[in-house]
Amino acid sequence: MHPDIHLTLHHARAAELSAEAEPRPARRHGLRTRLGWTLVEVGLRLAARPGTAPAH
């Protein structure tokens, strides 16, 4: 099968599946997001502290 035909069929099938899919509920970005970014910040600070490098 020619690659262009395959790509066209793929796009058509993806559009069909997208039309059949139920819409996803909107995600709330609140406490969970803030907590996640806080944990990332703490991890980066711990990794950047002197003396935390692994011994060779």
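Nothing in this text is a laboratory measurement; each read-out follows from the coordinates by a stated rule. Just so you know, these numbers come straight off a predicted model, no measurement behind them.
With a/c under 1.5 counting as rounded, go ahead and sort segment 1-43 into rounded, prolate or oblate using the C-alpha gyration tensor (a ≥ b ≥ c being the square roots of the eigenvalues; past the cut-off, prolate if a/b is larger than b/c, else oblate). Oblate, because a/c is 1.5 or more while a/b does not exceed b/c. Couplings 3J(HN,Hα) of segment 42-48, computed from phi: 4, x, 5, 5, 5, 6, 8 Hz, in residue order, whole Hz [Karplus 6.51 cos²θ - 1.76 cosθ + 1.60, θ = phi - 60°; x for Gly and Pro].
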